[in-house]
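In what follows, a single structure is set out as structure tokens and then discussed.
The values are calculated or read from the model by the stated rules, or taken from the named source; none is laboratory data. This one's a predicted model, so the numbers in the text were calculated from it and none came from an experiment. Methodologically, a virtual Cβ is constructed for each residue, glycine included, from the backbone with ideal geometry; neighbour enumeration extends over all protein chains shown. For the accessible areas, the whole protein counts, side chains as well, though only heavy atoms, and no ligand, DNA or RNA atoms are used. Shrake-Rupley method; radii C 1.70, N 1.55, O 1.52, S 1.80 Å.
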Protein chains: 4
Amino acid sequence: MKYIKQSVMVLAATVFLVSAFKANDNVGKGSPKEENIPAAKKYWPNGAQLVISVSMQFETGGQPEGAESPFSNTPLPKGQPDLPAESWYRYGGNEGIYRMLDVWKKYNIKVTSHVVGTAAEKYPEIAKAIANGGHEIAAHGISWDNQWNKNYNEELQFVKQGVDAVKKITGQKAVGYNCNWLRRSPNTLKVLQDLGFLYHIDDLSHDEPFITKVKGKNFVVIPYTLRNNDIVNIEGKHWSPDQFLAQLKFEFDRLYEEGATKRRMMSISFHDRIGGTPAMVHAMEEFIKYTKEKQGVVFMRKDDIAKMVMNDPDTPVDNSEAIFNN
Amino acid sequence: MKYIKQSVMVLAATVFLVSAFKANDNVGKGSPKEENIPAAKKYWPNGAQLVISVSMQFETGGQPEGAESPFSNTPLPKGQPDLPAESWYRYGGNEGIYRMLDVWKKYNIKVTSHVVGTAAEKYPEIAKAIANGGHEIAAHGISWDNQWNKNYNEELQFVKQGVDAVKKITGQKAVGYNCNWLRRSPNTLKVLQDLGFLYHIDDLSHDEPFITKVKGKNFVVIPYTLRNNDIVNIEGKHWSPDQFLAQLKFEFDRLYEEGATKRRMMSISFHDRIGGTPAMVHAMEEFIKYTKEKQGVVFMRKDDIAKMVMNDPDTPVDNSEAIFNN
Amino acid sequence: MKYIKQSVMVLAATVFLVSAFKANDNVGKGSPKEENIPAAKKYWPNGAQLVISVSMQFETGGQPEGAESPFSNTPLPKGQPDLPAESWYRYGGNEGIYRMLDVWKKYNIKVTSHVVGTAAEKYPEIAKAIANGGHEIAAHGISWDNQWNKNYNEELQFVKQGVDAVKKITGQKAVGYNCNWLRRSPNTLKVLQDLGFLYHIDDLSHDEPFITKVKGKNFVVIPYTLRNNDIVNIEGKHWSPDQFLAQLKFEFDRLYEEGATKRRMMSISFHDRIGGTPAMVHAMEEFIKYTKEKQGVVFMRKDDIAKMVMNDPDTPVDNSEAIFNN
Amino acid sequence: MKYIKQSVMVLAATVFLVSAFKANDNVGKGSPKEENIPAAKKYWPNGAQLVISVSMQFETGGQPEGAESPFSNTPLPKGQPDLPAESWYRYGGNEGIYRMLDVWKKYNIKVTSHVVGTAAEKYPEIAKAIANGGHEIAAHGISWDNQWNKNYNEELQFVKQGVDAVKKITGQKAVGYNCNWLRRSPNTLKVLQDLGFLYHIDDLSHDEPFITKVKGKNFVVIPYTLRNNDIVNIEGKHWSPDQFLAQLKFEFDRLYEEGATKRRMMSISFHDRIGGTPAMVHAMEEFIKYTKEKQGVVFMRKDDIAKMVMNDPDTPVDNSEAIFNN
């Protein structure tokens, strides 16, 4: 039953994506020498040369006291409200998500939004706005908390509560997962499989999606990124937004070229309060325009990618973590 | 009485600003296709598409022993004078403020200067020069000290002494407030309202001014910035001035575009000893020139903004901190 | 015997390099005024104006628990697997080395690969791919571990085991050495000489290879770099790849110019999981193209350099560490 | 006697500088509209619009065990030689100083070299090469050590030994001083005056030289810089050399413009092992070329500046540290 249902979804996704690909194609330079027909052999089921997937983390409102902020290096005594830090977080809800939604809409891009359960409960209208924009609602835990140190049952509850809370608000049941700071426990993939997830993203080992076997069944890994990640580079490495834009372009140039001879995927990550600032959204828009100069670039939600590759024989299998997943 | 007086001031401010706007308009590209008349619907009372407000912190001379400087990471024993660090601070008074005043004058820009009381007492001629340049004198505490840990009466005295000390020197009574490192106590807004302030800036949650209710009455919040802030980016994140300029341009590009469909404001912050260096003032001048290529960009003092938006029904209300302000 | 064999190798290397030089020459701007004949006096045995040597460290799979990664600043309890960190390392094996091999092949560049013994044992197919690409297999210890604190015998075993393990897989016996974080013990050069090595790279004191006497015999030092080093600049200094490219160009511009009047060498270092990312390989490719605009630029393996300079009377001798090497 | 001698030196310096200025002038754009005659009123005795002074610190060989290096964040046990760190320092002697001397010579620039006594003793040929290039030999202490914590006699000996050691090697008696990390003791200026010094540079408070009274007599302060300082920006802030170049240009653009209406000076600091790398010297050369596009830019030694301004009535007096200098 499950496989049949998936196949139908894969088919539907493919149809959608092929049409998205065609729409994108028309944005190309339009030189009469450049044909709108994809090259004979492409490495994605949809014939794209490069698939780009954006993660838009919605976490604001879910942060614990003392959560990482521009003020957290000089923490206040426990119980003392850190008012500017809280206002910094609220920015993600007031401005950040909506600004990003605007740019995704302008360019008809669908992204994957990793939603912390308590963030959606605090700002249900934001969670709904994301879902209503046609974006994927993926899970990110019920709260902003370590996951690697939970036992199996605790972890299952932690994930399930997050899925349920967000589904109640948005109507979407998550099939993709992102752990707090990527730090899975050894049980995480089993937990996810038990809860009906199709994929997770907390892996940095490839530039393309792959299959890993969990209790013998296919589970998709869509690689995440630290390289094109706003929190890592802007808050952690102290890059300016023009550096972030340069990074995106360099990364794109190489992956696009490689896409001519193998399956390649580019992952980008934006968090509400960081990637949602004016300068970062401007950088992203400049990047989107840059990608439009090439043929065969497709922006996709991660659930659509997962469905597309899960049963594709060209998808590589990597069981590096078999010790935990048998 | 208070409201009547405020209305007159709002009117006066509007007249001033409309004329400032017109003056700015003439600086536009002057293409015959670009009209000098603002579009039918703009989102500021003065018809501007984007309001930019610069904060110029004057703190030098008020710094305590061991205050943050390029030398403070390797502190000297208590009581040992840190002579190069002190000379680094004096730069703000000798060169920094005057250099910035020159550039504001050249481009007819009025800024808001947050003045530490003891800094004005140490360098009264600088405080007077700022006031005489037509800039707003705003309050920043009597001294360079934590405010979040004071009780109500201590805090009221701390703020009032600062206002009085600076008024005695400049003749201007502050109506706007900026806390040390933005760190308000839960009582700060009540303290400010009791002392007749119109607005504060220690909030990062919006890209436009808003109203918050304090004991039932309107109090204006003019958002501050860490993004376009010299101390955060130059001293904290170790950006070079060309990165700072790139950030300003990226931020401007996005906010200006958004200004066509909603009210938007851009905040920039310069501190005497950091933003007042030659390279940073050069970056700022390049940025000012960049903004002149667009229609409807207005640089404003924050008190003028506060008066303009306080009774404007289009100004949003945000009571996120109602728990502290009732 | 040894010297005769070496002389033959020097001869062979020279022939190879002169032909490489000629091939490179044809890539020059081709203006009729620019002659393809090297200037009368050049400072390398092969007549090049600048020799560039790339180090490609292959370490992934050899890292100990808690090894430096984007996650190691917040370490997990001992024994808890750090799954995203492990996946970050696997990237070097899955993507990084192969991507770099592609670009070396495209431009017919031969590099020196410093291979950790346990990395080669974990990924023998990668070690073989490097060797099969015509690159030098150099030694980097049997495992990823401190070397400066070992006694003579321990150190000799540590180095020898690494050489033997990699030779068994690749068929190449290393003649060049790179210590963990460059940190040699006072005995390292004697150990290396005893094991038949020709050169080491853990020295930053010159921009050209030199001879140092070890127990009275010539030992070559090929200077390494922190300046053009991916791990130092990208992970340590938090540069973006466009900064790395700018650094390479600035460095090249100066060294190339100096190469007209003295022997100059440029060293570049890439590690599997860092230099092997798309943006960094793009930066490297842009740099390679940039060097092609000049005459007489030759990319060389370090063993070929060592053989070329070891018995060249123009090679400088520096015995700064004589106290340890007598 | 002393004053007469000084006057003669001032005269001589002026003659030298006027001729240097003229020589520089010819490098200008040469448009027929641009006259080679300085504007009617300039603010330097020599009619220049901007004076630039480079400090070239020669410290290598004088560093203590564990001195700041790319390796010092992970220190080795006391007594264990840190071989790569030592080789990093030797670079300053082997390559750095000579490379900088080449570029100063190419553009006929005379700089001020702050020489640590033990560095000159270790590398006398380098100290001589600097002096023979026509550069100023200034003092930097007998060794690389804290000065702020010495008592009057200790400090006097520390300074005097440095002067004597370097004079013995170079024949030049220093008249200018630079403390370790700029950290003077309260007695430093008295010590320097007692030893016949004319100026010190450990002050960041102005963008022009000034007079401070020491025991009633004029003492010159030539402002130093952290802004255009290689060790602060490259090693401390982790800038890439292209950022350093951008900083120099921004700084220059503003100070040059200000030089039309007041006396302005730009200070740049390069250390042997940091500023002497190929990429940094390339950045410096690009900057020098950039300054040549303007009229009236003069590079000067600091002793020449000190002599020029010491008895000039236009030189400002700043007695901010009077409490220590009476």
Report task. Take the Cα pairs of the range B:123-195, get the Kirkwood Rh, then feed it into Stokes-Einstein at 25 °C and 0.890 mPa s and tell me D in µm²/s. Result -> 197 µm²/s
Query - Charge dipole magnitude, Cβ of K and R +1, D and E -1 - the protein assembly as shown, Cα centre, debye nearest 20 - result: 1320 debye
Query raised in the report: Once phi is turned into ³J(HN,Hα) by the Karplus curve 6.51 cos²θ - 1.76 cosθ + 1.60 with θ = phi - 60°, what whole-Hz value does each residue of the range A:198-210 show in order, with x for glycine and proline?
Result: 9, 7, 9, 10, 8, 8, 10, 8, 9, 9, 6, x, 8
Requested in this report: Take the range B:154-211, drop everything but the C-alpha atoms, weight them equally and run the Debye formula without solvent; then report log10 I(q)/I(0) at 0.27 Å⁻¹ to two decimals.
Outcome: -1.23
Query raised in the report: What percent do you get for the relative contact order of chain B when only Cα pairs under 8 Å and 6+ apart count?
Result: 28 percent
Query raised in the report: Just for the range C:105-245, what percent of DSSP beta bridges are antiparallel, to the closest 5?
Result: 35 percent
Report task. Would you please give the FRET efficiency between A:Q157 and C:K78, computed as 1/(1 + (r/R0)^6) with r the Cβ-Cβ distance and R0 = 41 Å, to the nearest 0.05? Result -> 0.90
Requested in this report: Towards the positive end of the charge dipole of chain A, with charges on Cβ (+1 Lys, Arg; -1 Asp, Glu), say which of A:T188, A:G162, A:G259 has the farthest Cα.
Outcome: A:G259
Query raised in the report: Where along chain A is the Cβ that lies nearest the axis linking it to chain D, and how many Å separate them?
Result: A:H238, 4
Requested in this report: Quick one: work out the % antiparallel among DSSP beta bridges in the range D:168-232, nearest 5.
Outcome: 55 percent
Query raised in the report: Using a 1.4 angstrom probe and counting only protein chains, how large is the accessible area of C:D303 in Å², to 10?
Result: 10 Å²
Query raised in the report: How many partner chain Cβ atoms sit within 10 Å of a residue's Cβ in peptide B:172-182, on average, as a whole number?
Result: 1
Query raised in the report: Based on Cβ point charges of +1 for Lys and Arg and -1 for Asp and Glu, what charge dipole magnitude is obtained for the range A:221-272 about its Cα centre, in debye rounded to the nearest 20?
Result: 280 debye
Query raised in the report: Where does the range C:50-194 land on the Kirkwood hydrodynamic radius, alpha-carbon pairs, in angstrom?
Result: 15.9 Å
Report summary line: With the label set 7 Å along Cα→Cβ, C:N149 is separated from its counterparts in the other copies, in nm and shortest first, by 2.7, 2.7, 3.9
Query raised in the report: With each run of n ≥ 4 DSSP H residues scored as -39500 (n - 2.57), what mean residue ellipticity at 222 nm is computed for the protein assembly as shown after dividing by its residue count and rounding to the nearest 500 deg cm²/dmol?
Result: -12000 deg cm²/dmol
Report summary line: Kirkwood-based Rg/Rh on the Cα set of the protein assembly as shown evaluates to 0.97
Query raised in the report: Once the convex hull of the C-alpha atoms of the range C:42-127 is built, how many Å³ does it hold per residue, rounded to a whole number?
Result: 131 Å³
Report task. List, in the order given, every pair from B:K122/B:K237; D:K106/D:K289; D:K128/D:K237; C:K106/C:K249; C:K105/C:K294 whose Cα-Cα distance in the structure shown is over 23 Å. Result -> B:K122/B:K237; D:K128/D:K237
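Mind checking the range A:46-111 for trypsin sites (Lys or Arg not before Pro) that DSSP puts in a loop (not H, G, I, E or B) and that have at most 16 other Cβ atoms within 10 Å?
Passing both the DSSP loop test and the Cβ count: A:K78.
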Report task. Just the number, please: carbon plus sulfur as a percent of the accessible area of chain C, 1.4 Å probe, no ligands or DNA/RNA counted. Result -> 54 percent
Report summary line: The answer for C:A138, listing residues at least 5 apart or on another chain whose modeled amide H is closer than 5 Å to its amide H, is C:S113, C:H114, C:V115
**Report entry** Karplus-derived 3J(HN,Hα), 6.51/-1.76/1.60, for each residue of the range A:320-326, Hz, glycine and proline x
**Finding:** 4, 9, 3, 3, 9, 9, 7
Query raised in the report: Extension gain B:D145-B:A129, at 0.36 nm per residue separation less the Cα-Cα distance, in nm?
Result: 3.3 nm
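Expressed as a rounded percentage, what relative contact order does the range C:209-326 have, with Cα pairs under 8 Å and six or more residues apart?
42 percent
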Query - Rg/Rh ratio calculated on Cα atoms of chain C (Kirkwood radius) - result: 0.96
Requested in this report: Find how many whole Å separate the alpha carbon centroid of the range D:108-185 from the alpha carbon centroid of the range D:302-321.
Outcome: 22 Å
Requested in this report: Could you tell me what percent of the DSSP beta bridges with both partners in the protein assembly as shown are antiparallel, to the nearest 5?
Outcome: 20 percent
Query raised in the report: Between D:A260 and B:K215, what FRET efficiency comes out of the Förster formula 1/(1 + (r/R0)^6) with R0 = 45 Å and r the beta carbon distance, rounded to 0.05?
Result: 0.25
Query raised in the report: Kirkwood Rh over Cα pairs of the range D:180-233 into Stokes-Einstein at 10 °C, 1.306 mPa s: D in µm²/s?
Result: 133 µm²/s
Report summary line: Inter-copy distances for D:N326, nm, shortest first, label points 7 Å along Cα→Cβ, are 6.0, 6.0, 8.5
Query raised in the report: Which net charge results for the neighbourhood of C:L189, defined as the other residues with beta-carbon distances under 13 angstrom from its beta-carbon, given Lys and Arg at +1 and Asp and Glu at -1?
Result: -1
Query raised in the report: What is the projected area of the convex hull of the Cα atoms of the range C:191-326, averaged over all directions, in nm²?
Result: 9.2 nm²
Report summary line: For the range C:229-246, in residue order, the Karplus 3J(HN,Hα) values (coefficients 6.51, -1.76, 1.60; θ = phi - 60°; whole Hz; Gly and Pro = x) are 10, 5, 5, 5, 8, 7, 7, x, 8, 6, 5, 8, x, 5, 5, 4, 4, 4
Query - the range D:190-326 - charge dipole about Cα centre, Lys and Arg +1 at Cβ, Asp and Glu -1, debye rounded to 20 - result: 260 debye
Query raised in the report: Taking amide hydrogens as modeled 1.01 Å from N in the peptide plane, which residues meet the under 5 Å criterion relative to A:N229, leaving out close sequence neighbours?
Result: A:S269
